[in-house]
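The values are calculated or read from the model by the stated rules, or taken from the named source; none is laboratory data. Small disclaimer: the values here were computed from a predicted structure and weren't measured. FYI the Cβ positions are ideal-geometry reconstructions off the backbone, even for glycines, and counts take in every protein chain you see. Surface areas here come from the heavy atoms of the whole protein model, side chains and all, with no ligands, DNA or RNA. Shrake-Rupley method; radii C 1.70, N 1.55, O 1.52, S 1.80 Å.
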Amino acid sequence: MNKILLLLMLLVAAKLSGQEEVTTAEIHNRKIISLIYTVDSLDELNTIQWDNIKEIVKDNDKEDKIAIGCNVKDENRKECEKKYKYKFVVRGKSEDIDHTITIAKRITKAIQKL
């Protein structure tokens with residue numbers, strides 16, 4: 001009788017401890033540190049919505065470093081040549097997002113004039 005009672009208490013204890021809630025993942029902070037646009041032609045650079053970048057990085061800390069860039073594919077490339085005709089990356093901090101976007105815009109305009 002003692003063995004049955006002991007076995008019953010062990011099963012109840014195992015069942016109670018097995019019902020603990022276990023968290024498998026917690027997301028506390030969302031950070032975007034790099035945003036690179038890849039386009040097929042220079043004309044597609046005009047379709048970039050620069051104001052949306054501010055919304056994308058709004059959850060970053062002020063000191064977080066970010067990179068904004070563009071890759072323009074080379075339509076005339078051969079297998080052994082470079083994949084992109086033009087390519088650039090502008091780096092800055094999240095607190096200076098306006099300045100970083102301004103530089104990226106200027107570079108895209110300069111590339112389009114080439």
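Would you list Thr102, Thr47 from the most to the least accessible area, probe 1.4 Å? Let's see the in-between values first.
Values: Thr102 60, Thr47 95 Å².
Ranked from most to least accessible, the order is Thr47, Thr102.
A simple rule links phi to the HN-Hα coupling: the Karplus curve 6.51 cos²θ - 1.76 cosθ + 1.60 with θ = phi - 60°, which for region 35-45 gives 9, 10, 8, 10, 10, 8, 8, 5, 5, 6, 5 Hz, with x for Gly and Pro. What the Cβ-Cβ distance of Asp98 and Ser41 gives, at R0 = 35 Å and to the nearest 0.05, is a FRET efficiency of 0.80. Of Lys3, Lys65, the order by accessible heavy-atom surface (1.4 Å probe, DNA, RNA and ligands excluded), from most exposed downward, is Lys3, Lys65.
Solvent exposure of Asp43, expressed as accessible area, is near 120 Å², computed with a probe of 1.4 Å over the protein chains only. Relative to the current alpha-carbon distance between Asp74 and Val89, full extension at 0.36 nm per residue lengthens the span by 3.7 nm. Taking a straight line from the alpha carbon of Lys3, these lysines sit under 19 Å away, with near neighbours fewer than eight places off in the same chain left out: Lys15.
Here the peptides 57-64, 83-90 are ranked by packing, the mean other Cβ count within 10 Å, and the order with the highest first is 83-90, 57-64. Using a cutoff of 8 angstrom between alpha carbon atoms and counting only pairs six or more residues apart, the relative contact order for region 31-114 works out to 33 percent.
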